[in-house]
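Step one of this worksheet: look at the structure below.
The values are calculated or read from the model by the stated rules, or taken from the named source; none is laboratory data. Predicted model only: the values in this text are computed from it and were never measured. Cβ atoms come from the backbone with ideal geometry, glycine included; neighbour counts cover every protein chain shown.
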Amino acid sequence: MEHWVTMMPKVELHAHLNGSIRDSTLLELARVLGEKGVIVFSDVEHVIMKSDRTLHEVFKLFDLIHIITTDYTTVTRITKEVVEDFAAENVVYLELRTTPKRNDSIGMSKRSYMEAVVEGLRAVSTVDIAFTPHDLGAGIPANSPPVKDLCNGTTRKKIYVRLLLSIDRRETTAAAMETVKLALEMRDLGVVGIDLSGNPIVGEWITFLPALKFAREQGLFITLHCGEVRNRKEIQAMLEFSPQRIGHACCFEEEEWRKLKTSEIPVEICLTSNIRTESISSIDIHHFVDLYNAKHPLVLCTDDAGVFSTTLSGEYFLAASAFGLGKREMFQLSRNAIDFIFADDKVKRELRENFDSAAMKLD
Ligand code: 6MZ
């Protein structure tokens, strides 16, 4: 991959925590559970290392990943690693989403699951992190210039992180409401919004609507997985709801495209994920092209960097090569994403300054 896509500052707005785990960590954790007799390692290894999966198989894999990862120390560890991995490839702003999980067998509640996530953010050490509206990260004011590393004189990277709590489509209205209430309680810890995700063939829009409405009334931002499979009625209801962003938008028909374009709702585009899960049959017919040409707001994202063996730099490189876009166009695309982030104007201003100083070094 070319150096410039890695060096370029980037904004990641659609990354699922448990889908972004390093393969090496997942295998290590699976091996330990295998030794304890909880799982059969050789069966699991095969599933983890498989590269082509249908959407249905992806959700089976997530169930397996959740067995492997849902305890405090692991949730903390994977959060730290995922943030550090994004920062290492110059992601300067990350919205990380995760589904708060109850695990009665170890006394885990949705709240304590999220406390483990926040613990992971606090544990980030290879870069400076700012994740709450007040805390400006590692004792560094948000508007101060990058800090020189005392040991080797190099500039330390800095990343802004915000959290989105996901409602899983398997959940009930009450469970979805619990997640929204938790998000409200955790605003001071960097939770800014709600995501609706999970297997798109499971669950009904009407089940989640009360919780999503409540979230919106309370001022949380909302992004919905929309049109990952064909479902006209649901797609139309989601567009009608008018969330701040949607993810995927793969299976739209003419009328829905028209509605989307007039609404100007930004779309989180996950190229590798869409191709791997066969939501889109080949990259040259991906709707990125149509939306990009129409100047519709869009942002390139990874979805599940671990599960789909990709990186955000990889997604930018793929778009540049598949659609014949140059360095400057890709840089602009990346910078435009700042407009759609769920953080305040101060963060937006600092990110724009960061991009503008990087632009000078682009050639
Ligand atoms: C819909 C997806 C997804 O929340 O446990 N998730 N939902 N479509 C997708 N496209 C492939 N990829 C991931 O992260 C994993 C969870 O995120 C959702 C699923 O609910 C999955 O179980 P967390 O951190």
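Being crowded, with 20+ Cβ neighbours inside 10 Å and within 25 Å of Thr99 (Cβ to Cβ) is the requirement here; does Leu33 meet it? If you could, list the steps in order and put the result at the bottom.
Details: crowded, with 20+ Cβ neighbours inside 10 Å: no; within 25 Å of Thr99 (Cβ to Cβ): yes.
So Leu33 fails the test.
Does at least one position in segment 327-346 carry a residue that is within 24 Å of Val191 (Cβ to Cβ) and free of Cβ contacts under 8 Å to residues at least 40 places away in the same chain? Can you show your working first?
We begin by selecting, within segment 327-346, every residue within 24 Å of Val191 (Cβ to Cβ); these are 337-346.
Filter once more, keeping what is free of Cβ contacts under 8 Å to residues at least 40 places away in the same chain: 345.
Checked against the condition, which is being within 24 Å of Val191 (Cβ to Cβ) and free of Cβ contacts under 8 Å to residues at least 40 places away in the same chain, segment 327-346 yields at least one hit.
Select from segment 234-275 the residues that are among the small types (Gly, Ala, Ser) and part of a loop (DSSP other than H, G, I, E, B) and write down the one among them that is farthest from the ligand (Cβ to nearest atom). Don't jump to the end; show me each part of the working.
Looking only at segment 234-275, we keep the residues that are among the small types (Gly, Ala, Ser), and these are 237, 242, 247, 249, 263, 273.
Those left that are additionally part of a loop (DSSP other than H, G, I, E, B): 242, 249.
Values: Ser242: 20, Ala249: 12 Å.
Per the criteria, the residue is Ser242.
If we keep just the residues of segment 48-70 that are more than 23 Å from Asn103 (Cα to Cα) and of a type in the set (A, V, I, L, M), which is nearest to the ligand (Cβ to nearest atom)?
Leu55
Give the residue, chosen from Arg31, Arg77, Arg53, that is basic (Lys, Arg), in contact with a Phe, Trp or Tyr (Cβ under 9 Å, 6 or more places away or on another chain) and assigned to a helix (DSSP H, G or I).
Details: Arg77 fails: in contact with a Phe, Trp or Tyr (Cβ under 9 Å, 6 or more places away or on another chain); Arg53 fails: assigned to a helix (DSSP H, G or I).
Going through Arg31, Arg77, Arg53 in turn, the sole match is Arg31.
Condition test on Tyr160, is it in contact with a helix residue (DSSP H, G or I) (Cβ under 8 Å, 6 or more places away or on another chain), modelled with pLDDT of 95 or more, more than 25 Å from Thr6 (Cβ to Cβ) and among the aromatic types (Phe, Trp, Tyr)?
Values: in contact with a helix residue (DSSP H, G or I) (Cβ under 8 Å, 6 or more places away or on another chain): yes; modelled with pLDDT of 95 or more: yes; more than 25 Å from Thr6 (Cβ to Cβ): no; among the aromatic types (Phe, Trp, Tyr): yes.
Here the answer is no, as Tyr160 does not meet what is asked.
List, please: which pairs have Cβ atoms under 6 Å, are six or more places apart or on different chains, and start with a residue in segment 217-242 that is under 22 Å from Lys181 (Cβ atoms) and end with one that is among the basic types (Lys, Arg) and in a strand (DSSP E or B)?
Pairs that qualify, where the first residue is under 22 Å from Lys181 (Cβ atoms) and the partner is among the basic types (Lys, Arg) and in a strand (DSSP E or B), are Thr223/Arg245.
For residues that are of a type outside the set (Gly, Ala, Ser), surrounded by 15 or more Cβ atoms within 10 Å (Cβ to Cβ) and more than 21 Å from His3 (Cβ to Cβ), tally how many sit in segment 298-347.
Counting residues in segment 298-347 that are of a type outside the set (Gly, Ala, Ser), surrounded by 15 or more Cβ atoms within 10 Å (Cβ to Cβ) and more than 21 Å from His3 (Cβ to Cβ) gives 13.
Just one of the numbered conditions (1) farther than 20 Å from Lys327 by Cα; (2) more than 23 Å from the chain's Cα centre (by Cα) is not true of Asn293; which one?
Answer for Asn293: the failing condition is (1).
Taking Glu278 as the residue in question, decide whether it is within 15 Å of the ligand (Cβ to nearest atom), assigned to a loop (DSSP other than H, G, I, E, B) and either closer than 19 Å to Ile235 by Cβ or at pLDDT 95 or above (or both).
So Glu278 passes the test.
Give just the number: which of (1) more than 16 Å from the ligand (Cβ to nearest atom); (2) loosely packed, with under 14 Cβ neighbours inside 10 Å does Glu45 not satisfy?
Of (1) more than 16 Å from the ligand (Cβ to nearest atom); (2) loosely packed, with under 14 Cβ neighbours inside 10 Å, only one is false for Glu45: (2).
Does Ile48 count as more than 22 Å from Leu196 (Cβ to Cβ), among the β-branched types (Val, Ile, Thr), at pLDDT below 90 and under 21 Å from the mean Cα position of the chain (by Cα)? Can you show your working first?
Values: more than 22 Å from Leu196 (Cβ to Cβ): yes; among the β-branched types (Val, Ile, Thr): yes; at pLDDT below 90: yes; under 21 Å from the mean Cα position of the chain (by Cα): yes.
Yes; evaluated as a whole, the condition is true for this residue.
Working only within segment 200-214, note down all residues that are within 16 Å of the ligand (Cβ to nearest atom) and part of a helix (DSSP H, G or I).
The first filter runs over segment 200-214 and keeps only residues within 16 Å of the ligand (Cβ to nearest atom), leaving 200-205, 207-208, 211-212.
Result: Trp205, Thr207, Phe208, Ala211, Leu212.
What single numbered condition from (1) within 22 Å of Thr126 (Cβ to Cβ); (2) within 14 Å of the ligand (Cβ to nearest atom) fails to hold for Val92?
Tallying (1) within 22 Å of Thr126 (Cβ to Cβ); (2) within 14 Å of the ligand (Cβ to nearest atom), Val92 fails exactly one: (2).
State which residue is nearest to the ligand (Cβ to nearest atom) when the search covers only segment 281-316 and only residues that are outside any loop (DSSP other than H, G, I, E, B) and polar (S, T, N, Q).
Of the residues in segment 281-316, the ones outside any loop (DSSP other than H, G, I, E, B) are 283-285, 288-293, 298-300, 303, 312-316.
Checking the rest, the ones that are also polar (S, T, N, Q) come to 293, 313.
Working: Asn293: 25, Ser313: 20 Å.
Ranking the candidates gives Ser313 first.
Applying the selection to segment 294-321, what residues are of a type outside the set (Phe, Trp, Tyr) and closer than 14 Å to Gln332 by Cα? Don't jump to the end; show me each part of the working.
Pass one, segment 294-321, residues of a type outside the set (Phe, Trp, Tyr): 294-307, 309-315, 318-321.
Across segment 294-321, the qualifying residues are Lys295, His296, Pro297, Leu298, Val299, Leu300, Ala319, Ala320.
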